[in-house]
Amino acid sequence: MTSIIHSIESLNIWIGRAFGWCILILTLSVSYEVFVRYVLNAPTVWAFDMMVQMYGALFLMAGPYALAQDAHVRADVIHRLLSVRWQARIDFVLYVFFFFPGMLALFWFGMEIASDSWRYQEVSWNSPARIQIYFFKTLIPLAGALLILQGVSECMRCFLAMKSGSWLPRMEDARETEDLLRAQVAESAPK
């Protein structure tokens, strides 16, 4: 079971890293547009669409990555005070009754949206560039599928925690600055 959990997490971490490059593309396109618009007085017709699609792709594909890294914001005022077994039980129930129905809806209706978009060869209607957006709309059901897959991994993680009383360590990718500082302080503290 651990190998399945780590395989799913590895997939979502790899996809999250790949789509993380959208930030660079987004930053460069915004910088370029600001320069040509305000310095050269020659705005582009494509930059806005590029920015919307890069941000949308990043937003959609960061969801499975964040879930794999346990990086979503949660209000765990009471949750953190409970034993690991009770945390796992609560998380399992919440995944089954709330997470999966929402992600199944995202996948199902995303498939409808994407298939309609491909059938019509949809282009952006609010842009003079009229760029194709059916490629982008394919990311909606893909994100839903990856979130469902990661949700299965999270339920397996909950099952293991209910049995063992401890959480399976996550695969580390990136760490928050606060976590790094806390670790540094803990290492330098006198023992």
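The values are calculated or read from the model by the stated rules, or taken from the named source; none is laboratory data. Model, not experiment: these values are computed from the prediction. Cβ: placed from backbone, ideal geometry, glycine included. Neighbour counts: every protein chain shown.
I'm trying to understand the selection: among the residues of the range 101-117, which are aromatic (Phe, Trp, Tyr) and in contact with a helix residue (DSSP H, G or I) (Cβ under 6 Å, 6 or more places away or on another chain)? Correct list: Phe107 only.
Quick check: anything in the range 84-106 closer than 20 Å to Phe135 by Cβ and either at pLDDT 90 or above or under 16 Å from the mean Cα position of the chain (by Cα) (or both)? Scanning the range 84-106 turns up at least one residue that is closer than 20 Å to Phe135 by Cβ and either at pLDDT 90 or above or under 16 Å from the mean Cα position of the chain (by Cα) (or both).
In the set Val73, Val123, Val77, only one residue is at pLDDT below 90 and within 30 Å of Pro43 (Cβ to Cβ); that residue is Val123. The residues listed here are Pro101, Pro64; of these, the one that is without any contact (Cβ under 8 Å) to a residue 40 or more places away in the chain, within 21 Å of Leu142 (Cα to Cα) and part of a helix (DSSP H, G or I) is Pro101. Of the residues making up the range 133-157, those that are in contact (Cβ under 8 Å) with a residue 40 or more places away in the chain and either of a type in the set (Phe, Trp, Tyr) or touching a strand residue (DSSP E or B) at 6+ places or on another chain (Cβ under 9 Å) (or both) are Ile133, Phe136.
Residues that are in a helix (DSSP H, G or I), at pLDDT 90 or above and among the β-branched types (Val, Ile, Thr) were ranked within the range 24-54; the one that is surrounded by the most Cβ atoms within 10 Å (Cβ to Cβ) is Val30. Is it true that Gln87 is buried (at least 18 other Cβ atoms within 10 Å of the Cβ) and closer than 23 Å to Leu139 by Cβ? For Gln87, the condition - buried (at least 18 other Cβ atoms within 10 Å of the Cβ) and closer than 23 Å to Leu139 by Cβ - is not met.
Out of Ile133, Ile90, which single residue is of a type in the set (A, V, I, L, M, F, W, C), more than 24 Å from Ser10 (Cα to Cα) and touching a His at 6+ places or on another chain (Cβ under 8 Å)? Exactly one of Ile133, Ile90 is of a type in the set (A, V, I, L, M, F, W, C), more than 24 Å from Ser10 (Cα to Cα) and touching a His at 6+ places or on another chain (Cβ under 8 Å), namely Ile90. Answer yes if at least one residue in the range 158-167 is without any contact (Cβ under 8 Å) to a residue 24 or more places away in the chain, in a loop (DSSP other than H, G, I, E, B) and at negative phi, and no otherwise. Within the range 158-167, none of the residues are without any contact (Cβ under 8 Å) to a residue 24 or more places away in the chain, in a loop (DSSP other than H, G, I, E, B) and at negative phi.
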